[in-house]
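Here is the structure we will look at.
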Amino acid sequence: MTISITNITKSFGNSKALDNISVDFTAGELTALLGPSGCGKTTLLRLVAGLEQADPGCGGRIIFNGQNVLADTAGKRKVGFVFQHYALFRHMTVFDNIAFGLRVRKKSQRPTKAEIKERVYSLLELVQLGNMADRMPSELSGGQRQRVALARALAIEPEVLLLDEPFGALDAKVRTELRRWLRQLHDKLNCTSIFVTHDQEEALEVADRVIVMNKGRIEQIGSPDEIFHQPASEFVMQFLGEVNVFHGRIESDDPQMVHFYDQTGQTDQPNARMLIRPHDLDISTEPDTDKRQIPATITKIQTAGPSVRLDCRDNNGKIVNVRISHDIFNRLQLFIGQNIFLTPKQLQIYRSGQK
Amino acid sequence: MKYQFKQYNILPGFGLTLGYTVVYLGLLVLLPLAALTLSALQMTWPEFWSAISSQRAIRSFALTFGTSFIAAVINTIFGLLIAWCLSRMSFPGRKIIDAMIDLPFALPTAISGIALTAVYAPNGILGEPLARLGIKVAYTPIGIIIAMILVGLPFVVRTVQPVLAELERELEEAALGLGASNWQTFSKVIFPLVLPSLLTGFTLAFARNLGEYGSVVFIAGNMPMKTEITSLLIVTHLEQYDYAGATALASAMLIISFVLLLTINLLQTWSGRRLK
Amino acid sequence: MLFFVQNKYNKGLMPPAWLNWTLVVISLTFLAVFLLLPLVIIFTEAFRQGMTLWWQSISEPEALHALKLTLLTAAVAVPANTIFGLAAAWCLAKFRFFGRNIIITLIDLPFAVSPIIAGMLFVLLFGARGYLRGITDSLDLQIIFAVPGIILATMFITFPFVARELTGLMTQQGSQAEQAALSLGASGWQTFWHITLPDIKWGLLYGIILCNARAMGEFGAVSVVSGHIRGKTNTLPLHAEILYNEYNFSAAFAVASLLAFLALVTLVIKSIAERRKKR
């Protein structure tokens, strides 16, 4: 099912949770809504589910396979929604939870008892909880509850699966396992899935497409690669990982001719920022006049971890973070207090006033 | 559209339930209150004033507010003590006693009144020894206070108890670890945190005592000017079909209790806000 | 004394044993004098002159009539207030709207109004010169000094119990489960019956039982509107009062013992509901 959202605005009181949003979700894709808390991602998800209503008068539309569903209630939209804290029915067994969506159907559309039983058990098999049918939700671990919630949402055979922070409340280890599992499940199900997350790693690892949101607006839509390597805005770049920020001044129209100093008094009216990721900085111990280099001094070395993390201080006293591999670190034999030269491999320049 | 009556909510039934609630409240509460207002407005000011400023009325106000206040203070002190014992100590029978605290909620007030009178009457099980000591309880203001202590007690205990139970024990350990004595820990750490709920409990007990009737009328003796509470004076007016007099007293009573409760509520909001 | 007093937690402030003892003994003495003694007196006085007299006192026609009227009052007031409580709690707990706080304040009102004044309000409406007397007279309906007045006054006094209890409980539980049910295709009623109601049933029972206790035991408000007509407009508490004022103490206490027993049953059910509610 393709979902197309156009010109949707949603406000709570005076603040706009969503500000004139338009976005399409391709059928069969797994899309991540990524952003900091309060950026509107959950609101967007709930709007798709029919749990929230767009501002009357915003003129927006939500279209499922060519049909405007804006006026339809959540039950009518046949959307599988997995709540952040699962919202399992505490007084029902796992079986009854999963069967609920089938049992509340009108008599004419309700499957027979045997069919319901068969469906529930096959779903339990799918979420790998085959022997848990008679447990109460309180007797399950977090990861198991998450999977029951998923099975319950899938029971009504939705063509759209929506997940609100599906791994938010889980331990780090369970989380990575479930991530991979969710990806496999999505591939098996062939439905359009959207999940909300504030964890960029999760979004990049699991999703086909990522939508980065900030303050009720969409910052960028793209594949994980595009988002990571070609961030459309400074916000996206900052949100997707650690960055070093240098302030400078663009003096001509040629964006290559940028003078970057640090802000301490040397630059009059800096009008641009240069963003470099810690792993996009090469280290050399000798200066190379052919390249644009940043001279710096090593102040701290942290070798524990998959890569080596260096804190360096540039001539303006600003701390620059650098990440290099253990191989390079060993080859260069770096030490604290050493003078080094940093060469950016990849950088992004944003004019001030530009987002 | 800037102004919204209600935020959108997917749950159904808002119109039905709100409509029913408003109609029910309107018929059962607003209509009768309107009657009181109308009745009060029909009186002239001198009429109203003479009804509430008669010697008998003033004495009844003084008696009602005085005894209610004293009883609420006693309730607050012993309520804190009982809540402390129930939430912090274990002793045989604690659970039964915990359940018994609500007895005054469940026992019809008239029944507590009759029972208290039997206990404290001059020939009663406690009344007799007290009378020998020269203390007369039944048919005096002391009796009224005792009846009010009974009905007001659960309000304090039930407001303070959950707060005491949920107080982080780490706070106390921190205080003790910093060298505070037991008493300092209680008075400087626990008490200030419990104070807002204690004030709430006091307010609730005081309000309840002001309006108490059933348990008081039996033990009070109901002598005009001496042991006649305002509620009883209102009944007397009603029995003589003096609706104007009853209206004046009732509105005065309502206004005074309302102002009092508002003051105490503000005080309590203020002390509660400082803790946040 | 064989029982012993201990700190409940092995953590935080732990007063010395002698202080714990003192505090508990003071508390228990206070409760014994003000709560337990009156309760014991009711039963000892009621049975002092034997079971036969007790039975006679509560089975004479006037007592039976009072019992019937009390049960009738509760049978009308409790269901009415339960339905009201469910409706009020649903809109107050699940929705945010303009005027919500006004309704909450109105629901708290009977707790702040003296029962006497509550009864008086209905006298002003329906009494000898009542504002609605014209309407009731044309319908040939007597309200004051009759059963409808008793029921109305009782409803006024007891309507907050279920509403307050459920509003708190349902606000605390949020509406995620209901949203989940609706998104799975359940109708509004299905959601209420299968999701909301099972979650609040112990709170509901708690509210109903307190409402019932107050409805059967209300004295002040009922006393103002009833007119104390024996065998006609007397409820059990009013009947006990009349007997007491006639110095017929043993009969008065027999009736009182019946109501005290009801109070004890209420306390037991209430403790059970409270414990279940917490789980």
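Taken together, the values in this text are just the output of simple stated rules run on the coordinates, not laboratory data. It should be emphasised that the depicted structure is a prediction, and the values quoted were computed from it without experimental measurement. A quick note on method: Cβ atoms are made from the backbone with ideal geometry, for glycine too, and the neighbour counts reach across all protein chains shown.
Structural remarks
- Highest mean first, the peptides B:110-123, B:136-149 sorted by other C-beta atoms within 10 Å per residue fall in the order B:110-123, B:136-149.
- Gap separating the Cα centres of segment A:281-301 and segment C:210-260, nearest whole Å: 95 Å
- Prolate/oblate/rounded call for segment A:192-233, Cα gyration tensor, a/c under 1.5 rounded: oblate
- Shape of chain C, Cα gyration tensor, a/c cut at 1.5: oblate
- GluC sites (Glu not before Pro) lying in DSSP loop within segment C:177-264, provided at most 11 other Cβ fall within 10 Å: C:E246
- Chain A, helix-only ellipticity at 222 nm - DSSP H runs n ≥ 4, -39,500 (n - 2.57), divided by all residues, nearest 500: -7500 deg cm²/dmol
- Exceeding the 31 Å Cα-Cα cut-off - candidates A:K106/C:K94; A:K106/A:K173; A:K10/A:K318: A:K106/A:K173; A:K10/A:K318
- Two numbers describe the Cα atoms of the protein assembly as shown: Rg and Dmax, which are 35.9, 117 Å.
- For chain A: rounded, prolate or oblate by the Cα gyration tensor [a/c cutoff 1.5]: prolate
- Modelled this way, with points 7 Å down the Cα-to-C-beta line, the labels at C:I135 and C:Q49 are 4.8 nm from one another.
- In this structure, the pairs whose alpha-carbon distance is over 21 Å, taken from A:K113/C:K277; A:K41/A:K188; B:K95/B:K188; A:K78/A:K107; A:K76/C:K201, are A:K113/C:K277; A:K41/A:K188; B:K95/B:K188; A:K76/C:K201.
- Inter-part distance where segment B:77-119 and segment B:130-180 are each reduced to a Cα centre, Å: 11 Å
- Loop-resident sites, segment B:1-89, for chymotrypsin sites (Phe, Trp or Tyr not before Pro), counting at most 14 other Cβ within 10 Å (DSSP): B:Y3, B:F5, B:Y8
- Using a Förster distance of 60 Å, the FRET efficiency for B:A34-A:S122 (Cβ separation, nearest 0.05): 0.45
- Backbone N under 13 Å from the A:N14 label point (7 Å along Cα→Cβ), restricted to segment A:46-77: none
- For peptides C:27-33, B:211-217, sequence by mean Cβ density within 10 Å, most packed first: B:211-217, C:27-33
- In this structure the amide hydrogen of A:D282, modeled in the peptide plane, comes within under 5 Å of the amide hydrogens of A:T343, A:K345, none closer than 5 places in sequence on its chain.
- The simple Förster model, with R0 at 25 Å and r as the Cβ-Cβ distance, assigns C:Q56 and C:N245 a FRET efficiency of 0.80.
- Rule-of-thumb Rg ratio for segment B:54-275 [Cα; 2.2 N^0.38 Å; N residues]: 1.16
- Positive minus negative residues near A:L140 (Lys, Arg vs Asp, Glu; Cβ under 13 Å): +3
- Candidate cross-link partners of A:K300 among the aspartates and glutamates, defined by an alpha-carbon separation under 20 Å and a same-chain spacing of 8 or more, comprise A:E242, A:D280, A:D282, A:E286, A:D311, A:D314, A:D327.
- Estimated purely from DSSP H runs of n ≥ 4, each contributing -39500 (n - 2.57), the mean residue ellipticity at 222 nm for chain B is -23500 deg cm²/dmol once divided by its residues.
- In order through segment A:94-101: 3J(HN,Hα) via Karplus (6.51 cos²θ - 1.76 cosθ + 1.60), integer Hz, x for Gly, Pro: 4, 4, 5, 4, 5, 6, 3, x
- Among the chymotrypsin sites (Phe, Trp or Tyr not before Pro) found in segment C:85-115, those both in a DSSP coil and sparsely packed, with 16 or fewer other Cβ atoms within 10 Å of their Cβ, are C:F98.
- Whole-Å distance, taken between Cα centres, linking segment A:101-156 and segment C:3-49: 52 Å
- Secondary-structure-derived ellipticity at 222 nm for chain C, considering helices only, amounts to -24000 deg cm²/dmol, per-run term -39500 (n - 2.57) for DSSP H runs with n ≥ 4.
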